[in-house]
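First the structure, in the form of structure tokens, and then the observations on it.
The values are calculated or read from the model by the stated rules, or taken from the named source; none is laboratory data. Everything numeric here is computed off the predicted structure, so don't read it as measured data. Here Cβ is always computed from backbone atoms with ideal geometry, including for glycine, and neighbour counts include all displayed protein chains. All accessible areas refer to the heavy atoms of the entire protein, side chains included, with ligands and DNA or RNA removed. Shrake-Rupley method; radii C 1.70, N 1.55, O 1.52, S 1.80 Å.
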Amino acid sequence: RSKISVPNFFSEGKPEARLWKSFKKALSAAPQRWEATRLETGSSAAGVPDLFLQDPRGHWHFVELKVARAVAVTLRPHQISWLIRHAKGRVWVLVRSPTAIYLYPGSDIIELDNQGLKLNPAFSSGDPINWGDLLSYLMKA
């Protein structure tokens with residue numbers, strides 16, 4: 001199992017970039033091969049998630065990366081719109097808080113926008129993050 005702790009996650013800089021870096025490290029440590037492409041801001045259509053993942057079975061997952069310092073999860077209207085339009089697919093919002101990660105299906109985007117981290121996630125892991133369990137969850141989805 002891959003457990004990677006992220007000390008000082010919310011220090012200066014770009015916390016979403018650190019979330020991607022931690023996730024990427026977990027993907028490279030996974031026993032099965034995952035493919036990942038990170039889309040940089042401005043290089044794609046409005047609202048398209050930050051990350052395209054292909055699991056070892058060949059299924060695509062679209063993941064929006066978010067960082068929340070408290071309960072609220074900040075989502076832009078075009079992100080909400082994209083996730084609603086593609087909610088039947090494997091679309092996710094992965095949120096990093098100061099103490100855990102939370103994974104929400106795109107179909108829960110309205111509730112996530114309204115309730116933030118009070119909404120029950122599909123998957124969660126406290127520090128140290130168990131990335132292996134997250135990847136197992138995604139493969140079964």
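Checking the condition of a type outside the set (D, E, K, R) and modelled with pLDDT under 95, which residue from Pro121, Pro128 passes? Working first, answer last.
Values: Pro121 fails: modelled with pLDDT under 95.
The conditions single out Pro128.
Ile84 satisfies every condition listed in (1) within 22 Å of Leu135 (Cα to Cα); (2) without any contact (Cβ under 8 Å) to a residue 60 or more places away in the chain; (3) open to solvent by 20 Å² or more (accessible area, probe 1.4 Å); (4) not small (Gly, Ala, Ser) except (1).
When we screen Leu117, Leu103, Leu75, Leu134 for residues that are under 22 Å from Lys14 (Cβ atoms), open to solvent by less than 40 Å² (accessible area, probe 1.4 Å) and assigned to a strand (DSSP E or B), the only hit is Leu103.
The residue list Lys66, Lys25 contains one member that is of a type in the set (Lys, Arg) and more than 23 Å from Gln115 (Cβ to Cβ), which is Lys25.
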